[in-house]
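Scroll down for the structure; my scribbles are underneath it.
The values are calculated or read from the model by the stated rules, or taken from the named source; none is laboratory data. Source: prediction; values computed, not measured. Cβ coordinates were reconstructed from backbone atoms using ideal geometry, including for glycine residues, and neighbour counts include every protein chain displayed. Quick note on the areas: whole protein, heavy atoms, side chains included, nothing else; ligands and nucleic acids left out. Shrake-Rupley method; radii C 1.70, N 1.55, O 1.52, S 1.80 Å.
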Amino acid sequence: MKRIAVALVAIALPFAAFAAPESFTIDPFHSHPHFQVKHLDFMYMTGRFDKMSGKIVMDTAAKSGTVELAIETGSVNTGDHEKGPRSRSRDEHLKTADFFNVAEFPRMTFKGAAARWTGEWPAAIEGQLTLLGATRPVTLTVENWKCGPDPRTQGKRYMCGGNASGAIKRSEFGMKFGIPNLSDEIRLMIGIEAFRDQ
Amino acid sequence: MNDLLNDPAVLGGVAPLAVGLVLAAALVRVRLAGLAAAGAFLTAAYLMGSLSLWPPTATRKFMLLAVIAPALGVIVDFAFKPNRAAGMLLGALFAVASVWVFWSVLVQRPMGEAIALGGGVAVFVLWLIAFTMALRADALRTGAIGLALGLGTGIGAILGATALFGLLGTALAAGSGGFLLVAMIYGKRAAGGATLALSVSVISALIAAGALVLANTPWWSLALLALIPLAARLPVPEHAPAWLQAIVVSLYTLAVAAAYCVLAWKFAA
């Protein structure tokens with residue numbers, strides 16, 4: 001009887017773990033926000049921010065969750081960081097007051113909550129993006145979200161991950177330089193992996 | 001039409017020059033031609049979508065001061081008889097305001113760096129306003145200061161800082177150029193007064209300071225630009241017609257601005 005009870009507890013433990021909100025910390029080495037801007041109305045150029053940190057809190061039983069992301073605007077990277085004979089590279093220009101104004105706004109943040117769930121995983125996040133001192137609502141669609149043991153640690157570490165995507169109009173945040181040659185609409189694609197806090 | 005208004009040459013040159021010319025010509029008889037420079041600058045700012053006040057970023061606080069400066073200039077011209085100390089007093093006022101403009105950036109820097117940067121900007125603003133205000137009675141010299149400071153800060157910003165500040169600088173130069181053209185015709189009857197002197201000195205000082213604080217242009221850029229009001233004091237042929245005097249004094253000030261642009265280009269490259 002005692003053995004059966006222990007076995008039941010052991011089986012129930014992973015499920016019990018989801019009964020309460022769980023906190024996750026973003027893995028900075030595998031989580032990056034990417035963006036796409038249409039250049040001269042011909043093609044989408046892609047860039048990313050190399051540094052992002054944040055926290056996720058999820059309660060799958062209650063189907064609720066929150067996410068907080070902080071993105072270092074100075075880590076913007078479009079693959080053009082050597083100025084050569086020009087007065088500056090594209091990445092340097094992106095850091096100026098024409099775009100991200102890194103000196104004044106070194107960080108942009110996103111604070112949101114899971115608004116829609118598909119099965120046991122979040123499918124959409126509604127939140128507020130703060131960029132250049134302006135805060136505007138943004139909805140991100142979540143794809144491929146899943147949680148499970150980290151295979152690199154033989155299951156000792158538990159993690160979640162997936163992709164979130166959405167779009168913003170940069171002019172709504174006061175970033176108007178270069179419109180329409182550089183599109184007003186910016187596509188956002190954020191890849192996230194996060195480890196459960198011990 | 002939208003394509004035309006998005007063209008940098010129109011934004012930073014043609015449109016502000018047209019506004020500057022029209023304003024200077026229309027207001028010269030009521031002694032408000034000095035509004036040409038600020039009018040041209042604010043037109044460019046409006047066309048570039050920079051003329052909003054919220055959220056209060058450094059650039060938007062700068063825009064607020066760009067509106068206040070000519071308004072204060074009109075008050076000084078019509079309500080007071082400013083003495084020599086007026087330039088210093090107004091310079092000190094805008095020096096404090098310039099620290100307020102860049103406060104959100106300064107507080108993020110280490111204490112020593114913030115004090116050096118904020119103090120340097122304040123001294124530069126005070127200097128530029130005081131020395132430009134001292135020449136406010138001479139429309140040609142004040143216009144030439146605005147032309148050179150606008151071109152210097154504008155081209156310097158395009159090379160080393162931001163295109164936005166660059167176009168705003170060239171717009172100020174275009175407006176000052178518009179005033180100068182009218183002043184060439186009207187001679188001493190064209191009064192720039194404190195309206196023009198405060199407009200060009202406050203706006204150009206904040207463009208240069210913005211490039212320094214927001215884009216880390218070298219500190220000596222401010223020192224070089226500070227020489228422009230001094231260059232405008234060099235002698236001109238007193239009995240020559242106004243148009244010739246305007247050209248001579250503009251050559252003095254533009255020579256300093258050109259030196260600054262060459263150094264800015266070399267530093268950037």
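Going by the structure shown, is B:M48 in contact with a helix residue (DSSP H, G or I) (Cβ under 7 Å, 6 or more places away or on another chain), over 21 Å from B:K188 (Cα atoms) and more than 14 Å from chain A (Cβ to nearest Cβ)?
no
Residues to consider are B:F94, B:F165, B:F124, B:F80; find the one that is without any contact (Cβ under 8 Å) to a residue 24 or more places away in the chain and aromatic (F, W, Y).
Step by step, each of B:F94, B:F165, B:F124, B:F80 is checked, and only B:F80 is without any contact (Cβ under 8 Å) to a residue 24 or more places away in the chain and aromatic (F, W, Y).
Residues checked against (1) under 17 Å from the mean Cα position of the chain (by Cα); (2) surrounded by 18 or more Cβ atoms within 10 Å (Cβ to Cβ); (3) over 16 Å from A:R187 (Cβ atoms):
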site: A:A97; (1), (2), (3): no, yes, yes
site: A:A114; (1), (2), (3): yes, yes, yes
site: A:P122; (1), (2), (3): yes, yes, yes
site: A:L129; (1), (2), (3): yes, yes, no
site: A:N144; (1), (2), (3): yes, no, yes
site: A:R157; (1), (2), (3): no, no, yes
site: A:I168; (1), (2), (3): yes, yes, no
site: A:S171; (1), (2), (3): no, no, no
site: A:K176; (1), (2), (3): no, no, yes
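Let me spell it out: the conditions are (1) under 21 Å from B:V125 (Cβ atoms); (2) touching a residue at least 40 places away in the same chain (Cβ under 8 Å), and B:P56 meets all of them except one. Which number is the exception?
(2)
Please find, within the range A:43-88, the residue that is farthest from A:T130 (Cα to Cα) out of those that are in a loop (DSSP other than H, G, I, E, B) and in contact with a strand residue (DSSP E or B) (Cβ under 6 Å, 6 or more places away or on another chain).
Checking each candidate, the answer is A:K63.
Just checking, does the range A:110-125 include any residue being touching a helix residue (DSSP H, G or I) at 6+ places or on another chain (Cβ under 7 Å) and away from chain B (no Cβ under 14 Å)? Step through it out loud before you land on a result.
Here is the first cut: in the range A:110-125, the ones touching a helix residue (DSSP H, G or I) at 6+ places or on another chain (Cβ under 7 Å) are none.
Within the range A:110-125, not a single residue is touching a helix residue (DSSP H, G or I) at 6+ places or on another chain (Cβ under 7 Å) and away from chain B (no Cβ under 14 Å).
Among the residues of the range A:75-83, is any farther than 30 Å from B:Q108 by Cα and open to solvent by less than 20 Å² (accessible area, probe 1.4 Å)? Break it down into steps so the answer makes sense when it comes.
If we filter the range A:75-83 for residues that are farther than 30 Å from B:Q108 by Cα, which is where we start, we get none.
No: the range A:75-83 contains no residue that is farther than 30 Å from B:Q108 by Cα and open to solvent by less than 20 Å² (accessible area, probe 1.4 Å).
If B:P218 passes every condition in (1) farther than 21 Å from B:V76 by Cβ; (2) surrounded by 22 or more Cβ atoms within 10 Å (Cβ to Cβ); (3) within 14 Å of another protein chain (Cβ to nearest Cβ) but one, which one does it miss?
Evaluating B:P218 over (1) farther than 21 Å from B:V76 by Cβ; (2) surrounded by 22 or more Cβ atoms within 10 Å (Cβ to Cβ); (3) within 14 Å of another protein chain (Cβ to nearest Cβ) leaves (2) as the failure.
Could you please let me know if A:T153 is farther than 16 Å from A:V67 by Cβ, out of contact with any Lys or Arg (no Cβ under 6 Å at 6 or more places or on another chain) and among the β-branched types (V, I, T)?
Details: farther than 16 Å from A:V67 by Cβ: yes; out of contact with any Lys or Arg (no Cβ under 6 Å at 6 or more places or on another chain): yes; among the β-branched types (V, I, T): yes.
So A:T153 fits the description; yes.
Across the range B:131-153, what is the total count of residues that are open to solvent by 20 Å² or more (accessible area, probe 1.4 Å) and closer than 15 Å to B:L93 by Cα?
Total satisfying the criteria: 1.
Is there a residue being in contact (Cβ under 8 Å) with a residue 40 or more places away in the chain, part of a strand (DSSP E or B) and in contact with a Phe, Trp or Tyr (Cβ under 7 Å, 6 or more places away or on another chain) anywhere in the range A:89-96?
No, the range A:89-96 contains no residue that is in contact (Cβ under 8 Å) with a residue 40 or more places away in the chain, part of a strand (DSSP E or B) and in contact with a Phe, Trp or Tyr (Cβ under 7 Å, 6 or more places away or on another chain).
Could you check the range B:158-207 and list, in sequence order, the residues that are open to solvent by 10 Å² or more (accessible area, probe 1.4 Å), under 14 Å from the mean Cα position of the chain (by Cα) and within 14 Å of another protein chain (Cβ to nearest Cβ)?
Matches in the range B:158-207: B:L167 only.
So is B:L17 open to solvent by 50 Å² or more (accessible area, probe 1.4 Å), at pLDDT below 95 and over 21 Å from B:A137 (Cα atoms) or not?
Spelling it out, it is not the case that B:L17 is open to solvent by 50 Å² or more (accessible area, probe 1.4 Å), at pLDDT below 95 and over 21 Å from B:A137 (Cα atoms).
Residue by residue, here is whether (1) out of contact with any His (no Cβ under 8 Å at 6 or more places or on another chain); (2) of a type in the set (D, E, K, R) holds:
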| site | (1), (2) |
| --- | --- |
| A:S31 | yes, no |
| A:Q36 | yes, no |
| A:F49 | no, no |
| A:K55 | yes, yes |
| A:R86 | yes, yes |
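State which residue is farthest from the other protein chains (Cβ to nearest Cβ) when the search covers only the range B:238-269 and only residues that are modelled with pLDDT under 90 and open to solvent by 30 Å² or more (accessible area, probe 1.4 Å).
Looking at the filtered set, the residue picked out is B:H239.
Quick one: which helices (runs of 4 or more DSSP H) lie wholly within the range B:46-120 and hold at least 3 residues that are at pLDDT 95 or above and open to solvent by 20 Å² or more (accessible area, probe 1.4 Å)?
Values: elements: B:58-79, B:84-101, B:103-106.
In the range B:46-120, B:58-79, B:84-101 are the helices (runs of 4 or more DSSP H) which contain 3 or more residues that are at pLDDT 95 or above and open to solvent by 20 Å² or more (accessible area, probe 1.4 Å).
Specify the residue that is farthest from the other protein chains (Cβ to nearest Cβ); the eligible residues are those in the range B:1-14 that are among the small types (G, A, S) and crowded, with 20+ Cβ neighbours inside 10 Å.
Only one residue fits best here, namely B:G13.
Just give me the residues in the range B:221-234 being closer than 18 Å to B:L180 by Cα and open to solvent by 70 Å² or more (accessible area, probe 1.4 Å), in sequence order.
B:R233, B:L234
Only residues that are assigned to a helix (DSSP H, G or I), open to solvent by 10 Å² or more (accessible area, probe 1.4 Å) and not hydroxyl-bearing (S, T, Y): list them for the range B:29-45, please.
Passing the criteria: B:R29, B:V30, B:L35, B:G39, B:L42.
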